[in-house]
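Undergrad: One structure coming up, written as structure tokens, with questions to follow.
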Amino acid sequence: QVQLVESGGGLVQPGGSLRLSCVASRSIFVFRAMNWYRQAPGKQRELVATITSGGITNYADFVKGRFTISRENAKNSVYLRMNSLKPEDTAVYYCNVCWGLDGYWGQGTQVTVSS
């Protein structure tokens, strides 16, 4: 079992920045990759960014150049730095890992981009 707890969401104006955090209940060394997803109202959940245990990152086209995913193994944490936020980035953001045959999700953190 793995518990994931996200934090850092909030209301921000267009062009602003936020940093999301996700803390895992166990060492993240065991996870081959950690992911951030998001789900906007009325839309399907979509993959935003991935970071592997070796530090390789991958981003959805719609966030490339604006978002940065990172990890801090000593704190069992993964982060998502979001810059140049747009109204279309408004969504609930979820942390996700796969371990064995199971996938684990946090409860999500709301990000709202609005003036």
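Undergrad: So, in the range 59-104, how many residues would count as being hydrophobic (A, V, I, L, M, F, W, C), surrounded by 16 or more Cβ atoms within 10 Å (Cβ to Cβ) and closer than 15 Å to LEU4 by Cα? Walk me through how you get there before you give the answer.
TA: Pass one, the range 59-104, residues hydrophobic (A, V, I, L, M, F, W, C): 60, 62-63, 67, 69, 74, 78, 80, 82, 85, 91-92, 95, 97-99, 101.
From the residues that got through so far, the ones that are surrounded by 16 or more Cβ atoms within 10 Å (Cβ to Cβ) too are 63, 67, 69, 78, 80, 82, 85, 91-92, 95, 97.
From what's left, closer than 15 Å to LEU4 by Cα: 78, 80, 92, 95, 97.
Number satisfying all stated conditions: 5.
Undergrad: What number of residues within the range 46-77 are within 19 Å of PHE29 (Cβ to Cβ), in contact with a strand residue (DSSP E or B) (Cβ under 6 Å, 6 or more places away or on another chain) and not charged (D, E, K, R)? If you could, list the steps in order and put the result at the bottom.
TA: Narrowing the range 46-77 to residues within 19 Å of PHE29 (Cβ to Cβ): 50-57, 69-77.
Of the ones still in play, those that are also in contact with a strand residue (DSSP E or B) (Cβ under 6 Å, 6 or more places away or on another chain) are 50-52, 57, 69-71, 76-77.
Now restrict to residues that are not charged (D, E, K, R): 50-52, 57, 69-70, 76-77.
Residues that pass the stated criteria total 8.
Undergrad: Given (1) touching a helix residue (DSSP H, G or I) at 6+ places or on another chain (Cβ under 7 Å); (2) modelled with pLDDT of 95 or more, where does TYR37 come up short, assuming only one miss?
TA: (1)
Undergrad: Also, I was wondering about something else. Among the residues of the range 1-29, how many are over 18 Å from ILE69 (Cα atoms) and among the β-branched types (Val, Ile, Thr)?
TA: 2
Undergrad: Confirm whether SER84 is in a strand (DSSP E or B) and among the small types (Gly, Ala, Ser). Lay out the reasoning, then the answer.
TA: Numbers: in a strand (DSSP E or B): no; among the small types (Gly, Ala, Ser): yes.
So SER84 fails the test.
Undergrad: Take the range 29-50 and flag every residue that is at positive phi and not small (Gly, Ala, Ser). I'd like the intermediate steps shown before the answer.
TA: Residues of the range 29-50 that are at positive phi, as a first pass: 42.
None; the set is empty.
Undergrad: Where the second residue is basic (Lys, Arg) and surrounded by fewer than 21 Cβ atoms within 10 Å (Cβ to Cβ) and the first is more than 11 Å from ALA49 (Cβ to Cβ) and lies in the range 77-97, which pairs have Cβ atoms under 6 Å and are six or more apart or on separate chains?
TA: Short answer, once both residue conditions are applied: ASN83/ARG66; SER84/ARG66.
Undergrad: If you don't mind, there's one more thing I want to ask. Taking the range 12-48 as the search range and keeping residues that are over 19 Å from VAL2 (Cβ atoms) and part of a strand (DSSP E or B), which one is most open to solvent (accessible area, probe 1.4 Å)? Let's see the steps before the verdict.
TA: Keep residues of the range 12-48 that are over 19 Å from VAL2 (Cβ atoms), which gives 12-19, 38-44, 46, 48.
Narrowing the set further to residues that are part of a strand (DSSP E or B) leaves 12, 18-19, 38-39, 46, 48.
Working: VAL12: 21, LEU18: 29, ARG19: 124, ARG38: 16, GLN39: 61, GLU46: 70, VAL48: 1 Å².
Across the range 12-48, the extreme among qualifying residues is ARG19.
The values are calculated or read from the model by the stated rules, or taken from the named source; none is laboratory data. Given the structure is predicted, the values throughout are model-derived calculations rather than measurements. Virtual Cβ from ideal backbone geometry, glycine too; neighbours counted across all protein chains shown. Side chains are part of the model used for accessible areas, which takes the heavy atoms of the whole protein and leaves out ligands, DNA and RNA. Shrake-Rupley method; radii C 1.70, N 1.55, O 1.52, S 1.80 Å.
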